[in-house]
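*Asks:* Starting off with a structure, shown below.
The values are calculated or read from the model by the stated rules, or taken from the named source; none is laboratory data. Worth saying up front: this structure is predicted, and the values here are computed from it rather than measured. Here Cβ is always computed from backbone atoms with ideal geometry, including for glycine, and neighbour counts include all displayed protein chains.
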């Protein structure tokens with residue numbers, strides 16, 4: 001069984017119906033797999049909806065976004081994941097590398113649960129030691 005954690009970039013591309021994301025989504029649906037996202041991804045996606053829309057369209061866009069997000073298992077950002085993220089962040093800073101908080105938190109979630117992280121810019125995440133990353 002494949003164990004996937006999808007980065008926010010994948011979810012956004014899936015919602016935009018980008019071909020590479022659609023193909024990978026079809027592949028993961030066709031096999032026994034855990035298909036998950038972090039609550040950090042939920043935050044980033046919903047923040048985008050609130051930022052881009054208002055008034056009458058906001059409610060419909062939120063409904064569509066939540067419907068799309070609910071097709072995934074949603075993993076909470078827990079104390080244990082925060083602790084792992086803090087360690088990763090400190091290691092990256094000591095090595096002279098920086099990643100945004102959301103990426104560190106999502107990477108820590110994947111590591112904590114032994115999931116393969118799927119991200120558009122897989123190279124971006126290669127700085128995180130022991131993290132299995134797959135691009136699309």
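*Asks:* For region 101-109, indicate whether the set of residues that are surrounded by fewer than 20 Cβ atoms within 10 Å (Cβ to Cβ) and more than 13 Å from the chain's Cα centre (by Cα) is non-empty.
*Replies:* No; the residues of region 101-109 include none that is surrounded by fewer than 20 Cβ atoms within 10 Å (Cβ to Cβ) and more than 13 Å from the chain's Cα centre (by Cα).
*Asks:* I'd like the full set of residues that are exposed (fewer than 12 other Cβ atoms within 10 Å of the Cβ) and closer than 25 Å to residue 127 by Cβ, limited to region 69-79.
*Replies:* The answer is 76, 79.
*Asks:* Another question, then. Within the set of pairs 6 or more residues apart or between chains, which connect a residue that is free of Cβ contacts under 8 Å to residues at least 24 places away in the same chain inside region 13-33 to a residue that is part of a helix (DSSP H, G or I) and surrounded by 15 or more Cβ atoms within 10 Å (Cβ to Cβ) with Cβ atoms less than 8 Å apart?
*Replies:* Correct list of pairs: 22/14; 25/14.
*Asks:* Quick one: residue 24 ticks every box in (1) modelled with pLDDT under 95; (2) surrounded by fewer than 19 Cβ atoms within 10 Å (Cβ to Cβ); (3) touching a strand residue (DSSP E or B) at 6+ places or on another chain (Cβ under 8 Å) bar one, so which box is it?
*Replies:* Of the numbered conditions (1) modelled with pLDDT under 95; (2) surrounded by fewer than 19 Cβ atoms within 10 Å (Cβ to Cβ); (3) touching a strand residue (DSSP E or B) at 6+ places or on another chain (Cβ under 8 Å), the odd one out for residue 24 is (2).
*Asks:* For region 72-94, give me each residue that is touching a helix residue (DSSP H, G or I) at 6+ places or on another chain (Cβ under 9 Å) and closer than 30 Å to residue 26 by Cα.
*Replies:* 72, 74, 75, 76, 77, 78, 81
*Asks:* Which condition number does residue 9 fail, the rest of (1) in a helix (DSSP H, G or I); (2) within 17 Å of residue 107 (Cα to Cα); (3) touching a residue at least 60 places away in the same chain (Cβ under 8 Å); (4) touching a helix residue (DSSP H, G or I) at 6+ places or on another chain (Cβ under 7 Å) being met?
*Replies:* Unmet for residue 9, out of (1) in a helix (DSSP H, G or I); (2) within 17 Å of residue 107 (Cα to Cα); (3) touching a residue at least 60 places away in the same chain (Cβ under 8 Å); (4) touching a helix residue (DSSP H, G or I) at 6+ places or on another chain (Cβ under 7 Å): (4).
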